[in-house]
Amino acid sequence: MSETPSLSQQCLAEILGTFLLVLFGCGSVCAAVLTGAQIGVFQVAMVWGLGIAFAIQLTGSISGAHLNPAVTLGFAVWRGFPKTKIIPYLLAQFTGAMLAALLLLVLFGDALTSFEAAQNITRGATGGEASAMVLTEFFPNPGGRPLAEATMVMSEWRAMGVEIIGTAILMLVILSATNPNNRGARAAYVPWTIGLTITVLISLFAPLTMAGFNPARDLGPRIIAALTGWGSNVFTANGSTGWFTVYIVAPILGAQLGGLLHSRLLAPAYRPKSSE
């Protein structure tokens, strides 16, 4: 019999998986904004979805491939994930996200400098979110321009609603796809089911909030951005609390809502074959 992976192995898997998630996902944003490599939100969404599917495929059998603090907390409440593993998993996820952000700054450094020069963007100054968006998130989606030039206005509470609903749907899919009593699910399809869910959600919601749904994906790169020239602008561009309520609190609440919906609506209807 194979031994259960140790906690250190599980945390290393969470670091690697979250690293790949952010590398592929934020990398697609870097390529789109800085080089025009992707045309339209759907192409970016597809890279995000495929990147997440690859990360889950690689790490799922080791750590469960949470790759997201909201998912870890959701599993702790609704799937019996051990409370003693919560902090190690969260630290691993934030570590992976920060490492990926650092690597992207190295790889796209010249393209980023050229973009900022062409757009007259000064890092750390008002409007710096136009380039900081390649790493972290703002509402509405800046689209490579300062938020002051945005044609759409989005309130903080509405942005929270988008992130809550998006994360709830994601958590609902994750719990349903991994429920052993769901005879319509297949283990081999789980990474692609979750990846395609992310693709759909980003396609719908990225124009509004950039579709975060993951506190590690946001806060890890946001901290790196703050330390590499953008400063406090990344924490104040959406007001004093927007970054926290929309990209940290809302996904956590959304994951709990998704867990509640799964527990009350779907899980009771799933029946193992032996019950027939």
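The values are calculated or read from the model by the stated rules, or taken from the named source; none is laboratory data. Everything quoted here is computed from the prediction, not taken from an experiment. In this analysis, Cβ positions are derived from the backbone assuming ideal geometry, glycine residues included, and neighbour counts consider all displayed protein chains.
A few notes on this one:
- Hits in the stretch 74-93 (condition: within 20 Å of residue 190 (Cβ to Cβ) and within 17 Å of the chain's Cα centre (by Cα)): 74, 75, 89, 93
- The condition (being of a type in the set (Val, Ile, Thr) and touching a Leu at 6+ places or on another chain (Cβ under 9 Å)) is satisfied by just one residue among 106, 134: 134.
- Residue list for the stretch 177-215, restricted to those being of a type in the set (A, V, I, L, M) and at pLDDT below 95: 185, 187, 188
- Annotation note: Cβ proximity below 8 Å between a residue of the stretch 218-241 that is surrounded by 21 or more Cβ atoms within 10 Å (Cβ to Cβ) and a residue that is modelled with pLDDT of 95 or more and among the basic types (Lys, Arg) (sequence gap 6+ or interchain) occurs for 234/222.
- For residue 97, the criteria (1) surrounded by fewer than 23 Cβ atoms within 10 Å (Cβ to Cβ); (2) in contact (Cβ under 8 Å) with a residue 40 or more places away in the chain hold in every case but one, which is (1).
- Exclusive hit being more than 21 Å from residue 15 (Cβ to Cβ) and among the aliphatic types (A, V, I, L, M), set 225, 187: 187
- Filtering the stretch 72-83 to residues that are part of a helix (DSSP H, G or I) and within 12 Å of residue 10 (Cβ to Cβ) leaves only 72.
- Residue 39 falls short on exactly one of the conditions (1) hydrophobic (A, V, I, L, M, F, W, C); (2) assigned to a loop (DSSP other than H, G, I, E, B); (3) modelled with pLDDT of 95 or more, and that condition is (3).
- Meets criteria (touching a helix residue (DSSP H, G or I) at 6+ places or on another chain (Cβ under 9 Å) and part of a helix (DSSP H, G or I)) for residue 145: no
- Looking only at the stretch 57-71, and only at residues there that are under 13 Å from the mean Cα position of the chain (by Cα) and assigned to a helix (DSSP H, G or I), the one that is surrounded by the fewest Cβ atoms within 10 Å (Cβ to Cβ): 69
- Filter result (part of a helix (DSSP H, G or I) and β-branched (Val, Ile, Thr)) within the stretch 98-140: 106, 113
- Which numbered condition residue 210 misses (of (1) in contact with a helix residue (DSSP H, G or I) (Cβ under 7 Å, 6 or more places away or on another chain); (2) buried (at least 17 other Cβ atoms within 10 Å of the Cβ)): (1)
- Residues of the stretch 173-191 satisfying the condition of being surrounded by 19 or more Cβ atoms within 10 Å (Cβ to Cβ) and out of contact with any Leu (no Cβ under 7 Å at 6 or more places or on another chain): 173, 174, 175, 177, 190, 191
- From the list 124, 27, the one residue that fits, being among the small types (Gly, Ala, Ser), in contact (Cβ under 8 Å) with a residue 24 or more places away in the chain and touching a Leu at 6+ places or on another chain (Cβ under 7 Å), is 27.
- So residue 18, is it surrounded by fewer than 16 Cβ atoms within 10 Å (Cβ to Cβ) and touching a residue at least 40 places away in the same chain (Cβ under 8 Å): no
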